[in-house]
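**Q** Provided herewith is a single structure, encoded as structure tokens, for subsequent inquiry.
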Amino acid sequence: MKLFIKLLSKYKFFILLIFFLTLLILGLWAFWFEPSRFITTTTHIKIHQWSAKCDSLKIVVLSDLHVGSPHNDLNNLRKVVEATNTIQPDLILLAGDFVIHEVIGGDFVKPELIAPELKKLQAKLGVYAVLGNHDWWYSGWKMQEIFRREQISLLENKAILLKNGSCQFWLAGIGDYWGAHFDTDKALRGVPEKDVVIAFTHNPDIFYELPFRIAITFAGHTHGGQVNLPLLGRLIVPSQYGEKLASGYIAEGRRNMFVTTGIGTSILPVRFRVPPEIAVVYLHSRSSH
């Protein structure tokens, strides 16, 4: 013990220097390097209800763009759009929170500037969107008007039949859970009971209220907690279920969900071990190899 104290006293300056350099590096990583870039992740999911005729359908899920948050200006949105189009997805789902309500160091960007950039997204089966809580806090009705003007398909509690050769399925958009804008019954109205349905929404907390007939639901909102500390995990996740629905593929009983960590940040402009992502999801039938 005496030897340890003696060494600590002798090398105190170097220990403090290493400590502060480590803090500096971690700070730069969390507040600048990681939030300022995005990665492309790939997930393969096998679902019992999914038809072999639609095997390997390639879906890109983009959520929480929060244009105007630090590192997420219109120029970054253009890069996200370009990178997404390069993937050549079959289907693109925009899972809400296009604008930013509040974040330190951010600047509000009008949706009139965001929508024309989103209009450039391309997918074989189309590009579809739902609104998130930040969009409603700004003005959900105005967002809907702007998206209609730019001919971006909003599926707020609505379903559409998609076909690609012999592959066909229903895509249902479900309104935001936090703002009580969701109506699953309305979204599935007119969808034949035996037809295959996939859904997307903003907030994953709707998970346990979804009917079993939905093969899989895609969501965002959580940002993956933005910070994932070694051993301690994700300390703050905006979900009543905590880390359970924070990110990735969740399967429980007959319910399936995929939650993307999104692109932007909210409240604090920080990400640590939760990089912004363009999420690519391939859907496979259980019978495929």
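**Q** If you go through segment 75-108 one residue at a time, how many are closer than 21 Å to Trp178 by Cβ and of a type in the set (Gly, Ala, Ser)? If you could, list the steps in order and put the result at the bottom.
**A** Of all residues in segment 75-108, those closer than 21 Å to Trp178 by Cβ come to 93-103, 106, 108.
Cutting the leftovers down to of a type in the set (Gly, Ala, Ser) gives us 95-96, 106.
Number satisfying all stated conditions: 3.
**Q** Is it the case that some residue within segment 73-87 is of a type in the set (Ser, Thr, Tyr), in contact with a Gly (Cβ under 7 Å, 6 or more places away or on another chain), under 18 Å from Val127 (Cα atoms) and buried (at least 18 other Cβ atoms within 10 Å of the Cβ)?
**A** no
**Q** Only residues that are surrounded by fewer than 21 Cβ atoms within 10 Å (Cβ to Cβ) and under 17 Å from the mean Cα position of the chain (by Cα): list them for segment 52-70, please.
**A** The answer is Lys58, and nothing else.
**Q** Out of the residues in segment 176-204 meeting the condition of being in contact with a helix residue (DSSP H, G or I) (Cβ under 8 Å, 6 or more places away or on another chain) and of a type in the set (Gly, Ala, Ser), tell me which one is surrounded by the most Cβ atoms within 10 Å (Cβ to Cβ).
**A** Once the filter is applied, the top-ranked residue is Ala199.
**Q** Would you be able to tell me the number of residues in segment 240-284 that are buried (at least 19 other Cβ atoms within 10 Å of the Cβ) and of a type outside the set (A, V, I, L, M, F, W, C)?
**A** Of the residues in segment 240-284, 12 are buried (at least 19 other Cβ atoms within 10 Å of the Cβ) and of a type outside the set (A, V, I, L, M, F, W, C).
**Q** Now for a separate question. From the residues in segment 71-101 that are assigned to a helix (DSSP H, G or I), within 15 Å of the chain's Cα centre (by Cα) and hydrophobic (A, V, I, L, M, F, W, C), which one is nearest to Pro111 (Cα to Cα)?
**A** Ranking the candidates gives Leu77 first.
**Q** Can you name the number of the only condition in (1) in contact (Cβ under 8 Å) with a residue 60 or more places away in the chain; (2) in contact with a Lys or Arg (Cβ under 8 Å, 6 or more places away or on another chain); (3) more than 24 Å from Leu155 (Cβ to Cβ) that Ala246 fails?
**A** So the condition that Ala246 fails would be (1).
**Q** What pairs can you find where one residue is in segment 27-39 and closer than 11 Å to Ile263 by Cβ and at pLDDT below 85, the other is of a type in the set (Gly, Ala, Ser) and outside any helix (DSSP H, G or I), and their Cβ atoms are less than 6 Å apart, with a gap of 6+ or different chains?
**A** That search, which allows pairs on different chains as well, returns nothing.
The values are calculated or read from the model by the stated rules, or taken from the named source; none is laboratory data. For clarity, every value in this text was computed on a predicted model and none was experimentally measured. Neighbour counts run over all protein chains shown; Cβ positions are idealised from the backbone, glycine included.
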